[in-house]
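Read the structure below first, then the notes.
The values are calculated or read from the model by the stated rules, or taken from the named source; none is laboratory data. These numbers were taken from a predicted model, which means no experiment stands behind them. With ideal geometry, Cβ positions are generated from the backbone for all residues, glycine too; neighbour counts draw on all protein chains shown. Ligands, DNA and RNA are excluded from the accessible area calculation, which covers all protein heavy atoms including side chains. Shrake-Rupley method; radii C 1.70, N 1.55, O 1.52, S 1.80 Å.
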Amino acid sequence: MGIVYNEKTGQFHLFNAYVSYIITVLKNGQLGQLYYGKRIHERESYGHLLELLPRAMTPYVYDGEREFALEYIKQEYPAYGAGDMHYPAYEVKQENGSRITELFYQSHEIYNGKKKLQGLPATYGGEDEVQSLDIRLTDPVIGLEVVLTYSIYKNLPVITRSVYFQNQGKEELFLERAMSMNMDLPDMDFEMLELTGAWARERYVKIRKVEHGIQGIYSMKGCSSNSFNPFIALKRPETTEKSGEVYGFTLVYSGSFLAQVEADTFDVVRVTMGIHPDCFSWPLAQGDAFQTPEAVLVYSDQGLNGMSGAFHELFRTRLARGMWRDEPRPILINNWEATYFDFDEAKILKIAETAKELGIELFVLDDGWFGKRDDDTTSLGDWYPDKKKLPGGIAALSEKIEALGMKFGLWFEPEMVNEDSDLFRNHPEYVLSVPGRRKSYGRNQYVLDFSREEVVDAIYLQMEKVLSQAKVSYVKWDMNRCMTEVYSHALPPKEQGMVMHRYILGVYSLYERLLGKFPHILFESCASGGARFDAGMLYYAPQCWTSDDTDAVERLKIQYGTSMVYPLSSIGTHVSAIPNHQNFRQTPLNTRANVAYFGTFGYELDLNKLTEEEKQTIRQQVAFMKKYRCLFQQGAFYRLASPFEGNVTAWMVVSPDKKQAVVGYYRVLRPVNSAYERIRLQGLEEGTEYEVQRIEVQETVEEVTRYGDELMYSGLLVSDSASSENCGIYNGSNGDYHSRLYVLQGKGQQ
Ligand code: DGJ
């Protein structure tokens, strides 16, 4: 790993064993981009990579030098309007109405380790594992200073970037666009992969060819959203899960964002990513500063699995923090789909008692425990227990749960308020709303103005009281509507463009305070399922409720897509009842668990409504998960067959020492007399002999011995009676929605 600056050429080379990233100071002092991709040799100069050809109709910087045209020079952090006419990385409105700026190199600093970002989530790393570079640029006309920060990890194909603006001039400036990164790539032979969806079908994989012009994804909802996840990848058309080149870009941020790919008519591709500029205007008075969120760039020549592996490793070990980072996650039971709002202490304890008998470790009390919340029209904002449902409050209930030998967890929706609440009656000005205009409802609730410290304080004090008085080991932090009428009653007109970002900073600050006071609590973030599943959240809450859709078949797509970026240790997964509450599908209990094992794992159903046989199955599932959860949550994950492409989905996890693996195989519809089927595994050790146990409905039905190379190159034979004329006997799980696991145990190296 290294960051080298060549004084003579003015070139920076950031590299490790996997990637090279090369920046140059251009002859006019601006920064140009020379290369980003697979590691290339260190050499004296990369000047030849700077492509300068004269082109017609193009403005140029120096009289008579037609080839020095910013429109066609690949740049590091470009401005619009002084030569370059593409979408810029940043924009500053000045007192005279101009938005023209130019940033020139001043100095730089290379250092070991990585600085924290004030008030923002970010990846981290020790001095021996990451190196950083700050490049200081200025616009001398207005006295704007901009620091571009880069960090490169030693053992990962990862570069992080962020940008710091400071007004060192005399006039007030308005930052109208401040992207976290810009990347000009020299060709457009790419497909853009994005994760798109909606409530209950979050993060579906969508791939489209990059065309001339703009293609992008965004959120202007105030949260990162379930429409588009803050992530895009540019992959070569031939790149698969297993091989080929891909660039992945994501943002450590939870608010409105823009990720845009612009291909110009000379086939240069510009990728920008950051806070959505249409929801943003940040005044910078003299001395004021602004810090962008961090962008994470991954380059892989090992296919999409290679890219995902790097994101997983980074986010699991160098973004997530605290005691839960490396801990196996507790197997939980959540009462939401079991009871909805209709519960009392006796009912809760009955579920908890059965859960304990089955080996479940954590009881999570979901929505409905506070104020007088018997439905979703009331009480958000009043975080004190409903004594009608829970006579002894949360404190007594949590003690009773702990007395059973389980941990206790609690649901909050801290950012929201109902009109029918004491908080709203006392402080109607605490909600985001525009004076004189109507307020939009969303699930009967309004959004609290978290851009104001006193609002965050008010919620903190209420939460702190509940959490201090009761024995709470886990908090589910929900958020069930998007922002509208974004306006703060506490800010002057020129600061209204700050509200969306300040809101997210408020959310982060509340998390930080709660984590500071209750470091033992495991937070799980949630936003009507996965509407705020992003790297920003993972800094505070190492796991996230992935989707309200708990149907095992739907979950294949949702979890497959989510795994593009996010590690299994962050993917909240529950086994729920059938008929499924979202789509009424009836899948076998073991298929529901076989999908949910590949995540944090828990149950969300009334255990007391199950038969003894089903309870026995759950007992076995819980025991299985306890045995293998470190592997699921900390192993390397590989996608093998995509639910977006066929009837079969397959994926696997491999232990860090490659001695153990579990493969999940899922077949949505059962065919008859179908083709032979093999799944080529990944990530194993070629020379290791593995005992391969095929497990169906918690029982080992076959055991064979295979070498790693056979399993990876010839494949694991998965054909069964569905590939023949003999259809066998129906046993409740070998028809539609069939699934099975293969557990691999290495016998030793050859
Ligand atoms: C939405 C969440 O995604 C659900 O799991 C549940 O917590 C409800 N909110 C409760 O209102």
**OP:** Kindly report, to the nearest 10 Å², the accessible surface of LYS659 as traced by a 1.4 Å probe over protein heavy atoms only.
**Re:** 60 Å²
Original post:
Under 25 Å from the Cα of LYS8, which lysines turn up, not counting those fewer than eight places away in the same chain?
Top reply: LYS27, LYS38, LYS74
Subject >> Loop-located GluC sites (Glu not before Pro) in the stretch 201-280 whose Cβ has at most 13 other Cβ within 10 Å (DSSP) >> reply: GLU211, GLU238
Subject >> the stretch 254-274 residues near the modelled LEU49 label - backbone nitrogen below 18 Å, point 7 Å along Cα→Cβ >> reply: 268-271
Original post:
At a Förster distance of 56 Å, what's the computed FRET efficiency of TYR340 paired with THR9, Cβ-Cβ distance as r, to 0.05?
Top reply: 0.30
**OP:** As a check on your grasp of the helix formula, calculate [θ] at 222 nm for the chain: sum -39500 (n - 2.57) over DSSP H runs of n ≥ 4, divide by the residue count, round to the nearest 500.
**Re:** -5500 deg cm²/dmol
**OP:** Note down the magnitude of the dipole of the stretch 682-730 about its Cα centre, charges +1 on Lys and Arg C-beta and -1 on Asp and Glu C-beta and zero elsewhere, to the nearest 20 debye.
**Re:** 140 debye
Original post:
Could you give the dipole magnitude of the chain about its Cα centre, charging the beta-carbon of Lys and Arg +1 and that of Asp and Glu -1, in debye to the nearest 20?
Top reply: 880 debye
Subject >> Exposure of TRP199 as accessible area (Å², to 10), given a probe of 1.4 Å and all protein chains >> reply: 140 Å²
Original post:
In this model, which of LYS114/LYS627; LYS116/LYS235; LYS347/LYS471; LYS439/LYS557 are farther than 29 Å apart at the alpha-carbon?
Top reply: LYS114/LYS627; LYS116/LYS235; LYS439/LYS557
**OP:** Mind giving me the nanometre distance, one decimal, between the label points for ILE214 and LEU461, set 7 Å out from Cα along Cα→Cβ?
**Re:** 4.5 nm
Original post:
Which one of ASN444, LEU461, TYR511 is farthest out on the positive end of the charge dipole of the stretch 415-513, using unit charges on Cβ (Lys, Arg +1; Asp, Glu -1) and the Cα centre as origin?
Top reply: ASN444
**OP:** Apply 1/(1 + (r/R0)^6) to the Cβ-Cβ distance of GLU429 and GLU725, taking R0 = 60 Å, and write down the FRET efficiency to the nearest 0.05.
**Re:** 0.25
Original post:
Got a sec? Charge dipole of the chain, +1 on Cβ for Lys and Arg, -1 for Asp and Glu; which of GLN11, THR272, ALA295 is way out at the positive end?
Top reply: ALA295
Original post:
What full-extension length gain, to one decimal in nm, is calculated for GLU402 and GLU613 as 0.36 nm per residue of separation minus the Cα-Cα distance?
Top reply: 73.3 nm
**OP:** Just subtract the alpha-carbon distance of ASN583 and LYS372 from 0.36 nm times their residue separation and send over the number in nm, one decimal.
**Re:** 73.0 nm
Subject >> GluC sites (Glu not before Pro) within the stretch 140-173: DSSP coil, no more than 14 neighbouring Cβ in 10 Å >> reply: GLU171
**OP:** Could you work out how far apart the two model spin labels at TYR441 and GLU691 are, taking each label as a point 7 Å from the Cα in the direction of the beta carbon, and quote it in nm?
**Re:** 6.1 nm
Original post:
Hey, what's the per residue convex hull volume over the C-alpha atoms of the chain, in cubic angstrom?
Top reply: 162 Å³
Subject >> the stretch 512-571-the stretch 426-442 distance, computed between alpha-carbon centres (Å) >> reply: 29 Å
Original post:
When the Kirkwood radius is taken over all Cα pairs of the stretch 61-213, what Stokes-Einstein diffusion coefficient follows at 4 °C and 1.567 mPa s, in µm²/s?
Top reply: 71 µm²/s
Original post:
Using heavy-atom solvent-accessible surface (probe 1.4 Å) with all chains present, what is the largest-first order of HIS520, HIS13?
Top reply: HIS520, HIS13
Original post:
Do any chymotrypsin sites (Phe, Trp or Tyr not before Pro) in the stretch 575-638 lie in a DSSP loop with no more than 12 other beta carbon atoms within 10 Å, and if so, which?
Top reply: PHE584
Original post:
Among TYR666, TYR474, ALA535, whose Cα sits farthest toward the positive end of the charge dipole of the chain (+1 at Cβ of Lys/Arg, -1 at Cβ of Asp/Glu, about the Cα centre)?
Top reply: TYR474
Original post:
Calculated FRET efficiency, GLN106 and HIS520, Cβ-Cβ r, R0 51 Å, to nearest 0.05?
Top reply: 0.65
**OP:** Assuming a ≥ b ≥ c are the square roots of the Cα gyration tensor eigenvalues, decide whether the stretch 482-616 counts as rounded (a/c under 1.5), prolate (otherwise, with a/b larger than b/c) or oblate.
**Re:** prolate
Original post:
What full-extension length gain, to one decimal in nm, is calculated for GLN496 and ARG513 as 0.36 nm per residue of separation minus the Cα-Cα distance?
Top reply: 3.6 nm
